[in-house]
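Novice: I am attaching a structure below and will ask some questions about it afterwards.
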Amino acid sequence: MENEQNRPHIETLACPYQDSQLYAHKAAGNLSLRKLYGKDRIRYLRCGACAREFSERKGTALFNTKVAEHKAI
């Protein structure tokens with residue numbers, strides 16, 4: 001799918017939970033892909049440091065929206 005190619009590389013993302021040992025640490029090697037969901041195939045990630053899962057959109061303007069990415073852009 002075209003959108004997946006435009007997504008930021010997983011090493012540029014970080015755990016969004018402030019109490020995580022690796023909070024905001026990019027390229028720490030702690031994130032793994034848990035699943036893809038929705039029409040836009042959003043990545044759902046797991047932090048190996050705190051074992052929590054989160055959407056790659058968490059903390060962005062697109063978090064928890066149903067708007068298609070191409071329309072939002």
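Every number here is computed from the coordinates shown, using simple stated rules; none is lab data. Predicted, not measured: the structure shown is a model, and the values here were computed from it. Neighbour counts are summed over all protein chains in view; Cβ atoms, including those assigned to glycine, are modelled from backbone coordinates with ideal geometry.
Novice: Just to confirm the filter: which chymotrypsin sites (Phe, Trp or Tyr not before Pro) across the chain are DSSP coil and have at most 14 other Cβ within 10 angstrom of their Cβ?
Specialist: Here the sparse-neighbourhood loop sites are PHE63.
Novice: In addition: Quick one: compute the contact order of the chain, relative version, from alpha carbon pairs under 8 angstrom and 6+ residues apart, as a percent.
Specialist: 21
Novice: Further question: Divide by every residue of the chain the summed helix terms, -39500 (n - 2.57) for each DSSP H run of at least 4, and state the resulting mean residue ellipticity at 222 nm, rounded to the nearest 500 deg cm²/dmol.
Specialist: After summing the helix terms and dividing by residue count, I get -2000 deg cm²/dmol.
Novice: Given (i) 36, 20, 18; (ii) 45, 25, 19; (iii) 29, 25, 17 as candidate values of Cα extents along the principal axes in Å, which corresponds to the one derived from the coordinates?
Specialist: Given (i) 36, 20, 18; (ii) 45, 25, 19; (iii) 29, 25, 17, the structure-derived one carries the label (i).
Novice: How about the range 27-68: which trypsin sites (Lys or Arg not before Pro) there lie in a loop by DSSP and see at most 16 other Cβ atoms within 10 Å?
Specialist: The qualifying sites are LYS39, ARG41, ARG52, LYS58, LYS66.
Novice: What is the fewest-to-most order of ILE73, ILE10 by other Cβ atoms lying within 10 Å of their Cβ? Please list the in-between numbers first.
Specialist: Working: ILE73 9, ILE10 15.
With the fewest neighbours first, ILE73, ILE10 line up as ILE73, ILE10.
Novice: Expressed in nm to one decimal, what extension gain is obtained for the pair HIS25 and LYS39 from 0.36 nm per residue of sequence separation less their Cα-Cα distance?
Specialist: Net length gain for the segment: 2.2 nm.
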